[in-house]
Amino acid sequence: MKDFAGRVAVITGAGSGIGRALADRAAALGMKLVLADVDPDALERATDELLAGGSEVLSMVCDVRKCSHVEELADAAIIRFHGVHLVFNNAGVTSAGLVWEHSEADWEWVLGVNLWGAIHGVRIFTPLMLDCAKREAGYEGHIVNTAAMTGLFGAPALGPETVSRHAVVALSETLYHDLRLVDAPIGASVLCPDQVPTAIAQSQRHRPEEARRHHAPPPSQPAIQALLAADAAAGGMSAAAVADFTFEAIRDGAFYIVPQPQGLDAVAARAQAIVNVAPPADARAHLTDALHAQLKGQ
Ligand SMILES: NC(=O)c1ccc[n+]([C@@H]2O[C@H](COP(=O)([O-])OP(=O)(O)OC[C@H]3O[C@@H](n4cnc5c(N)ncnc54)[C@H](O)[C@@H]3O)[C@@H](O)[C@H]2O)c1
């Protein structure tokens, strides 16, 4: 996708962090914005600021776990802007802790947002964009699913997130191939940030009632979360820089969008371990000793 001005971008998780930065970048490129988030206050703040900046904005409180919500978002976008060109299935959460300590409700929550959110986005917006392409001369479209570097390698203590991210990478690779099968003027990409200082470490703020009611978070979570947050703060790339990098990658037609390439060594190590049928490589080896000591001390 080469030209953005005047075209319509849909962004989920637009109220904070990377999603908000993508909205700011899209606005700067002259795009019309469809903003979605489960957090009404964060969404209202983003909407007010982008409207004040002169952008055309449609915003909707939307829980991407719910197919009906994503359908309503798509309908509203068509009614307001008569088309969609760029979709960021970006909303996401994380839940740190030992993989066997997460409750069923927590698995359903993280997979619901990170994986089903992307599945609903792909299922609902792709046919809609294919239809737009039939009606609009010179139509260009692009779908970006936000996964993570944890979608390309294995890392300790982030079970539900890692599982969801590998699945979103696979979903995006399939989308890429299927769009080629039908010669669609629509590109696909998977965005794989590594550590970015946003509000992701406070994802628990979005933990649904049904998860809160019955289950405490994993006992190992606070210690692990603190270590991961410190690691993110130490080596992270800003959300604004991730957004700038992402739009350049879309313009270049890149599929794997990897703003922090230093993580690719761990991806290669994983692939090598698979090829050598060796034990899985630990992508966060620099954290493992501290994690081990923390958990031993518990
Ligand atoms: N920050 C990082 O280090 C990092 C690394 C890799 C991947 N990611 C991914 O990047 C994406 C953006 O996260 P972020 O870092 O900006 O975190 P963030 O917490 O700042 O933003 C996430 C946004 O998603 C929204 N959200 C949560 N659940 C939702 C739901 N059910 N429906 C709709 N919106 C929902 C939140 O309200 C929030 O505004 C996520 O998919 C995240 O997992 C982040």
Exercise for the section: Scan the helices (runs of 4 or more DSSP H) fully inside the stretch 168-251 and keep the ones with 1 or more residues being of a type outside the set (Phe, Trp, Tyr) and over 22 Å from ALA26 (Cα atoms). Expected result: 209-214, 221-235
Problem - Within the stretch 2-40, considering residues that are away from the ligand (no atom under 12 Å from the Cβ), of a type in the set (Gly, Ala, Ser) and assigned to a helix (DSSP H, G or I), the one most open to solvent (accessible area, probe 1.4 Å) - result: ALA28
Problem - Residue check, GLY253 in contact (Cβ under 8 Å) with a residue 40 or more places away in the chain, in contact with a strand residue (DSSP E or B) (Cβ under 8 Å, 6 or more places away or on another chain) and small (Gly, Ala, Ser) - result: yes
Practice task
Could you look through the stretch 41-54, keep only residues that are surrounded by 15 or more Cβ atoms within 10 Å (Cβ to Cβ) and among the hydrophobic types (A, V, I, L, M, F, W, C), and pick out the one that is nearest to the ligand (Cβ to nearest atom)?
Solution key: ALA42
Practice task
Looking only at the stretch 200-214, decide whether some residue is away from the ligand (no atom under 16 Å from the Cβ), open to solvent by 10 Å² or more (accessible area, probe 1.4 Å) and in contact with a helix residue (DSSP H, G or I) (Cβ under 6 Å, 6 or more places away or on another chain).
Solution key: no
Practice task
Determine which member of the set VAL93, VAL61, VAL57 is within 15 Å of THR12 (Cβ to Cβ) and more than 14 Å from the ligand (Cβ to nearest atom).
Solution key: VAL57
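The values are calculated or read from the model by the stated rules, or taken from the named source; none is laboratory data. Not measured: the values here are computed from a predicted model. We place every Cβ from the backbone using ideal geometry, glycine too, and count neighbours over all the protein chains shown. Remember, those area values only see protein heavy atoms, side chains included, never the ligands or the DNA or RNA. Shrake-Rupley method; radii C 1.70, N 1.55, O 1.52, S 1.80 Å.
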